[in-house]
Amino acid sequence: MKEDEHCLREVIRILLAQARATDDEEDARYGKDNSGDELPEELCRRKTRLKKIRQAMRALQQRAREEAEEEGQSQEEAREATPKDKAQYNFSDSESCIMKGADGFVQAYSVQAVVESTTQLIVAQAVTQQANDKQQVAPMVQAIEQRAAQKPDELLADSGYCSEKNLAHLEKQGIDAYIATEKQKHGSKKACSRGPLPKGATRTNRMRRKVQRNTGAAI
């Protein structure tokens, strides 16, 4: 897009110069009021393409800022974030995103679902363009409240949802969370560390200990 934008600006400049020269010639030949004011088709096509590229670049810029904030950068740092040169944008479906799936990279969406553990009913769902789940805890808790008219007492989630920011949000909401802190084979269990947590333990450290205890592991 960067290369196309530079090239299109130069082509448009040349085409506009040619158009002005043609206008001057037609004005001299036919008079100022006797020629149409439509833009040449070639110029219209390139201007439309340039407009789409600029919209895409603004979208990538916004995405870079949001990713910087999610990584814990300050708002000032996030405002200065720029898209990587390999950042991609889909012109035919701009809301989708390239994600890694079972069969490689695909243009896709990420589907979120919250299930009530006893009845197995889906109580909230959403479709996002974020490739990972780190950003989805807060919006899905909000979705539960909107659809079920109540806040959950407890919440279970896999390691894809574990982050300091998410654990802090659940703590603030008064939700008793049990979130895996790392991937492990189904049915396996890691022994709970003995002794008190070290001073300055993070929320993730405390959650790891919580889910390793017999009660947490059972839940």
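The values are calculated or read from the model by the stated rules, or taken from the named source; none is laboratory data. Quick caveat, the model's predicted, so the values are computed rather than measured. Using ideal geometry, Cβ is built from the backbone for each residue, glycine included, and neighbour counts are taken over all protein chains shown. These accessible areas exclude ligands, DNA and RNA; they are computed on the full protein's heavy atoms, side chains included. Shrake-Rupley method; radii C 1.70, N 1.55, O 1.52, S 1.80 Å.
A few comments on the model shown:
- Here region 170-192 is the region considered, the condition is being surrounded by 13 or more Cβ atoms within 10 Å (Cβ to Cβ) and hydroxyl-bearing (Ser, Thr, Tyr), and the residue that is farthest from Ala157 (Cα to Cα) is Thr181.
- Residues of region 85-135 classified as within 15 Å of the chain's Cα centre (by Cα), under 20 Å from Ala59 (Cβ atoms) and among the polar types (S, T, N, Q), total: 11
- The lone exception for Glu145 - which of (1) in contact with a Cys (Cβ under 9 Å, 6 or more places away or on another chain); (2) within 30 Å of Ser94 (Cα to Cα); (3) at pLDDT 90 or above it fails: (1)
- Test: residue in region 150-164 that is in a helix (DSSP H, G or I) and in contact (Cβ under 8 Å) with a residue 40 or more places away in the chain: yes
- Of the residues making up region 127-146, those that are within 21 Å of Lys172 (Cβ to Cβ) and either surrounded by 11 or more Cβ atoms within 10 Å (Cβ to Cβ) or touching a Ser or Thr at 6+ places or on another chain (Cβ under 6 Å) (or both) number 13.
- In region 193-212, residue nearest to Gln135 (Cα to Cα) [restricted to those that are part of a loop (DSSP other than H, G, I, E, B) and open to solvent by 50 Å² or more (accessible area, probe 1.4 Å)]: Thr202
- Answer from Ser92, Ser110, Ser96 - the residue that is under 24 Å from Asp4 (Cβ atoms), open to solvent by less than 40 Å² (accessible area, probe 1.4 Å) and not charged (D, E, K, R): Ser96
- Matching residues in region 89-126 - criterion: being in contact with a helix residue (DSSP H, G or I) (Cβ under 8 Å, 6 or more places away or on another chain) and within 19 Å of Val141 (Cβ to Cβ): Gln112, Val114, Val123, Ala124, Gln125, Ala126
- Just one of the listed residues (Ala68, Ala102) is hydrophobic (A, V, I, L, M, F, W, C) and open to solvent by less than 50 Å² (accessible area, probe 1.4 Å), namely Ala68.
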